[in-house]
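Below is one structure, written out as structure tokens; the observations come after it.
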Amino acid sequence: MKTINSLLIAALMCATSGVVSAASATDPTPLLTRSADQLIGVLQSGGSRKDKADACRELAVIGTSKAVPVLVALLADEELNHMARYALETIPGPSVEPALRSELPRLKGRPLVGVIGSLGVRKDTKAVKPIAALLADSDPLVAQAAARALGQIGTADAAKAIEKALPATASANRLAFCEGLFRCAETFVAKGKTKDAIALYDRMRKLSDVPHQVRTGALRGAILARGPAGYSLLKESLASNDRVLFNAAVRAALETTGAEVTRVLAVSLTQISPDNQIVVMQALGARGDESAVAALATQAKSGAKSTRIAAIRAVAAIGAAASVPVMVQLIEDSDGEISQAAVDGLAGIPRREAYIAVLQMLGSPKADRRITGIDLVGRRRMVTAVPALLTAATDSDAKVRSSAYQRLGKLAAPAEVPAMLKLLSRSTDAQDLSGLAEAISSICTSAGSPAAATEQVGGVLSGAQPAQKGALLAVLGAVGGEKALAAVRTALSDSNAEVHDAAVRALADWPDAAAAPDLLQIVRSASGSQREVAFRGFVRLARESSAAAPEKLKSLSEAAGVATSPQEKMLVLAGLGDILSVESLRLVTPHLADAAVADEAGAAAVKIAEKLDAKESADIGKALNQVLKAAKSEQVLDKARKRMEKLNLPVQ
């Protein structure tokens with residue numbers, strides 16, 4: 001029977017003798033709006049299909065034996081058969097089954113299929129014989145429904161009937177017949193008739209001319225139904241050369257708990273092909289049984305690379321304390337893929353032992369091991385290991401220091417910034433200074449406190465050497481803010497060229513448009529690399545600005561006015577192409593006369609023109625005609641022609 005949900009139960013509590021209570025009648029629910037007698041009256045009337053379907057739905061909640069004859073009368077109606085059965089399947093009492101059985105000889109086609117299914121839902125044991133007779137029906141839908149219904153009833157007689165009919169049935173029906181047998185076997189298990197279930201599964205394992213999933217399911221069922229006694233069958237099937245049976249055995253193992261199953265799987269690793277070994281290893285990893293680690297570790301240390309990697313992954317998936325030393329040992333493997341698999345495995349083991357192992361790697365005498373440890377600190381998000389990273393940041397090996405800086409930038413908090421600034425103030429190596437500056441910038445920007453960061457950097461800046469000042473200015477350029485901008489402006493007047501260049505770069509990297517006026521001034525007054533850096537920074541700020549389009553256009557127009565090289569003009573054109581307005585198009589058009597950037601100008605003009613409204617056709621036509629005359633790129637020319645054709649614009 002259908003499971004009646006809490007809402008239906010609440011409705012049933014309001015009903016007495018098939019009549020809705022006074023409280024329910026005065027305040028009806030969406031489920032119950034009329035009494036059972038009224039609903040029966042609807043079914044006997046000339047009402048619409050919807051009215052009758054709604055009545056069936058409510059009778060499924062409050063219907064009694066009184067409604068059975070009326071509902072049965074609807075079973076021959078293909079439109080109402082389903083809803084009538086929906087009600088009949090839930091009505092309590094012994095009156096439903098004989099009424100449904102009586103319809104079996106009278107119905108055909110889909111209505112008959114539905115009634116067969118309802119008898120299966122009601123688990124009517126008296127229906128086994130008449131339904132069994134339908135297993136030979138010429139209509140495959142009827143024969144298949146009969147097999148499935150007998151499976152739901154799940155008696156020994158039902159199983160015998162299906163087995164008897166199976167050899168003679170059409171091939172199209174065989175899967176449904178086997179489904180019925182599986183249902184019978186599952187019912188046997190549920191009722192404690194284990195021997196009957198095992199016998200049925202074993203007979204199904206020997207069937208021929210059945211889909212492979214039948215053999216798979218039968219073997220799985222035979223192993224599981226046997227319990228511990230099924231381990232020998234599991235072992236035998238794991239050694240099978242039949243891939244279907246092997247996979248079924250592995251599936252059964254995944255559904256079975258206990259150390260003995262783990263042992264059977266582990267022992268099989270030495271007896272099966274490499275491809276099957278990988279499948280078993282995956283199963284052992286999924287089971288998570290620590291007792292499998294030793295066998296998997298053996299496989300991980302030698303053999304084909306694919307099986308070694310599979311073993312490593314399985315050990316990591318188990319994630320036990322015993323998994324950690326296996327990973328640590330294999331990180332030393334000479335094969336890079338094996339070593340990387342072990343690193344990946346250790347990164348994902350969420351145990352204290354793994355945490356300790358990573359910290360121990362940071363103290364290794366081998367630089368590459370220390371680097372791996374630093375990488376794992378980051379991947380495992382080991383925030384408590386930040387002090388160890390600060391120590392690694394003073395390592396004698398440059399690569400170790402660089403790795404430590406990168407992880408500190410991701411894991412350290414503002415509280416660690418003073419210590420990192422102290423490291424920066426003592427460093428002279430360009431790569432160290434760059435790495436520390438990047439890490440400090442990352443910490444400060446992530447924390448979202450530019451004022452505090454500026455204060456800390458400013459305290460070191462005044463007494464720093466030129467090289468260190470350059471790194472500190474880079475931090476200020478990443479952090480931004482009024483105080484930081486003031487400090488960088490001061491550095492622009494520094495007599496040291498290195499500091500002055502660093503200040504320009506800091507302005508060019510500024511996070512907002514506050515530095516734009518300073519950059520434009522540098523563009524107008526400086527030359528060489530400083531001018532180039534300032535120009536690129538100014539255009540970047542204009543393009544990335546959150547200001548409205550007119551403000552962006554103003555900035556880009558200023559940039560266009562001071563652009564001298566084709567590269568600078570291309571930067572401006574790229575920015576103008578992002579602003580889809582007539583004003584932007586008008587700023588692009590004059591650049592078509594410059595042969596050095598004609599194609600770039602054409603591309604920008606076309607990009608804008610493709611997005612402008614047709615009401616701007618006059619400006620579009622004027623610009624695209626110039627594109628057709630000036631551009632050389634066939635792609636640009638083709639796009640220009642297509643846009644003009646779409647707007648019916650004349651070529652001049």
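Does Ser396 fit the bill of being small (Gly, Ala, Ser), assigned to a loop (DSSP other than H, G, I, E, B) and either modelled with pLDDT of 95 or more or not assigned by TED's automatic domain parsing to the domain that holds Leu433 (or both)?
On the way: small (Gly, Ala, Ser): yes; assigned to a loop (DSSP other than H, G, I, E, B): yes; either modelled with pLDDT of 95 or more or not assigned by TED's automatic domain parsing to the domain that holds Leu433 (or both): yes.
Taking the combined requirement at face value, the residue satisfies it.
When restricted to residues that are under 29 Å from the mean Cα position of the chain (by Cα) and surrounded by fewer than 19 Cβ atoms within 10 Å (Cβ to Cβ), region 348-364 contains 5.
Do we have any residue at all in region 362-374 that's within 30 Å of Gly480 (Cα to Cα), part of a helix (DSSP H, G or I) and either outside the structural domain of Lys305 (by TED's automatic domain parsing) or modelled with pLDDT under 95 (or both)? For region 362-374, residues within 30 Å of Gly480 (Cα to Cα), part of a helix (DSSP H, G or I) and either outside the structural domain of Lys305 (by TED's automatic domain parsing) or modelled with pLDDT under 95 (or both): present.
Specify which of the listed residues (Leu107, Leu71) is at pLDDT 95 or above and surrounded by fewer than 22 Cβ atoms within 10 Å (Cβ to Cβ).
Only one candidate passes the filter, namely Leu107.
For region 560-582, indicate whether the set of residues that are acidic (Asp, Glu) and closer than 22 Å to Leu485 by Cα is non-empty.
There is no residue in region 560-582 that is acidic (Asp, Glu) and closer than 22 Å to Leu485 by Cα.
Applying a threshold of 8 Å to beta carbon distances and a minimum spacing of six or more residues, or different chains, the list of pairs starting in region 161-173 at a residue that is within 14 Å of Ser208 (Cα to Cα) and ending at one that is surrounded by 11 or more Cβ atoms within 10 Å (Cβ to Cβ) and of a type in the set (D, E, K, R) reads Glu163/Arg203; Leu166/Arg174. In the set (1) in the same structural domain as Asp501 (by TED's automatic domain parsing); (2) among the charged types (D, E, K, R); (3) within 35 Å of the chain's Cα centre (by Cα), the condition left unmet by Lys483 is number (3). In the condition set (1) surrounded by fewer than 19 Cβ atoms within 10 Å (Cβ to Cβ); (2) closer than 18 Å to Ala127 by Cβ; (3) charged (D, E, K, R), Lys66 is compliant with all but (2).
Mind listing whichever residues of region 543-567 are surrounded by fewer than 20 Cβ atoms within 10 Å (Cβ to Cβ), part of a helix (DSSP H, G or I) and not β-branched (Val, Ile, Thr)? Break it down into steps so the answer makes sense when it comes.
Looking only at region 543-567, we keep the residues that are surrounded by fewer than 20 Cβ atoms within 10 Å (Cβ to Cβ), and these are 543-551, 554, 557-558, 561-562, 564-567.
From what is left, the residues that are part of a helix (DSSP H, G or I) are 543-544, 549-551, 554, 557-558, 561-562, 566-567.
Selection gives Arg543, Glu544, Ala549, Pro550, Glu551, Lys554, Ser557, Glu558, Gly561, Pro566, Gln567.
Can we say Gln340 is within 25 Å of the chain's Cα centre (by Cα), at negative phi and among the polar types (S, T, N, Q)? First the steps, then the outcome.
Working: within 25 Å of the chain's Cα centre (by Cα): yes; at negative phi: yes; among the polar types (S, T, N, Q): yes.
When the stated conditions are applied, Gln340 passes them.
Has region 292-300 got any residue that is of a type outside the set (A, V, I, L, M) and either part of a helix (DSSP H, G or I) or modelled with pLDDT under 95 (or both)? Checking region 292-300: at least one residue is of a type outside the set (A, V, I, L, M) and either part of a helix (DSSP H, G or I) or modelled with pLDDT under 95 (or both).
Just one of Ala513, Ala497, Ala508 is farther than 17 Å from Val460 by Cβ and touching a Ser or Thr at 6+ places or on another chain (Cβ under 6 Å); which is it?
Values: Ala497 fails: touching a Ser or Thr at 6+ places or on another chain (Cβ under 6 Å); Ala508 fails: touching a Ser or Thr at 6+ places or on another chain (Cβ under 6 Å).
When all the criteria are applied, what remains is Ala513.
With respect to the conditions (1) modelled with pLDDT of 95 or more; (2) out of contact with any Cys (no Cβ under 7 Å at 6 or more places or on another chain), Gly93 falls short on a single one, namely (1). On the stretch given as region 380-406, residues that are of a type in the set (Lys, Arg) and either loosely packed, with under 15 Cβ neighbours inside 10 Å or free of Cβ contacts under 8 Å to residues at least 24 places away in the same chain (or both) total 2.
With the condition kept exactly as written, say whether any residue in region 341-354 is more than 29 Å from Val457 (Cα to Cα), aliphatic (A, V, I, L, M) and not in a helix (DSSP H, G or I).
Residues of region 341-354 that are more than 29 Å from Val457 (Cα to Cα), as a first pass: 341-354.
Checking the rest, the ones that are also aliphatic (A, V, I, L, M) come to 341-343, 346-347, 349, 354.
Next, only the ones that are not in a helix (DSSP H, G or I) stay: 349.
Yes, because at least one residue in region 341-354 is more than 29 Å from Val457 (Cα to Cα), aliphatic (A, V, I, L, M) and not in a helix (DSSP H, G or I).
Since Leu592 meets every condition but one in (1) buried (at least 17 other Cβ atoms within 10 Å of the Cβ); (2) over 17 Å from Met644 (Cβ atoms), which condition does it not meet? Of the numbered conditions (1) buried (at least 17 other Cβ atoms within 10 Å of the Cβ); (2) over 17 Å from Met644 (Cβ atoms), the odd one out for Leu592 is (2).
All conditions in (1) crowded, with 19+ Cβ neighbours inside 10 Å; (2) at pLDDT 95 or above hold for Val61, with the sole exception of (2). Close Cβ contacts (under 8 Å, 6 or more residues apart or on different chains) running from residues in region 407-419 that are more than 15 Å from Ala452 (Cβ to Cβ) to residues that are charged (D, E, K, R) and in a helix (DSSP H, G or I) comprise Arg407/Asp375; Leu408/Glu416; Gly409/Glu438.
Test Ala367 against the criterion of being touching a helix residue (DSSP H, G or I) at 6+ places or on another chain (Cβ under 8 Å) and buried (at least 19 other Cβ atoms within 10 Å of the Cβ), and give yes or no.
Details: touching a helix residue (DSSP H, G or I) at 6+ places or on another chain (Cβ under 8 Å): yes; buried (at least 19 other Cβ atoms within 10 Å of the Cβ): no.
When the stated conditions are applied, Ala367 does not pass them.
Selection of region 330-340 for residues being part of a helix (DSSP H, G or I) and either aliphatic (A, V, I, L, M) or closer than 15 Å to Gly373 by Cβ (or both) yields Leu330, Ile338, Ser339, Gln340. What residue, among those in region 534-556 that are in contact with a helix residue (DSSP H, G or I) (Cβ under 6 Å, 6 or more places away or on another chain) and among the hydrophobic types (A, V, I, L, M, F, W, C), is nearest to Ala513 (Cα to Cα)? The qualifying residue nearest to Ala513 (Cα to Cα) is Leu541.
Here's the yes/no breakdown for (1) in a helix (DSSP H, G or I); (2) surrounded by fewer than 19 Cβ atoms within 10 Å (Cβ to Cβ); (3) under 37 Å from the mean Cα position of the chain (by Cα):
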site	(1), (2), (3)
Cys444	yes, no, yes
Val488	yes, no, no
Ala503	yes, no, no
Arg524	yes, yes, no
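Only one of the numbered conditions (1) over 20 Å from Glu532 (Cβ atoms); (2) in a helix (DSSP H, G or I); (3) under 41 Å from the mean Cα position of the chain (by Cα) is not met by Gln468, and that is (3).
The values are calculated or read from the model by the stated rules, or taken from the named source; none is laboratory data. All values reported here derive from a predicted model rather than from experimental measurement. Cβ sites come from the backbone with ideal geometry, for glycine too, and all protein chains shown count toward neighbours.
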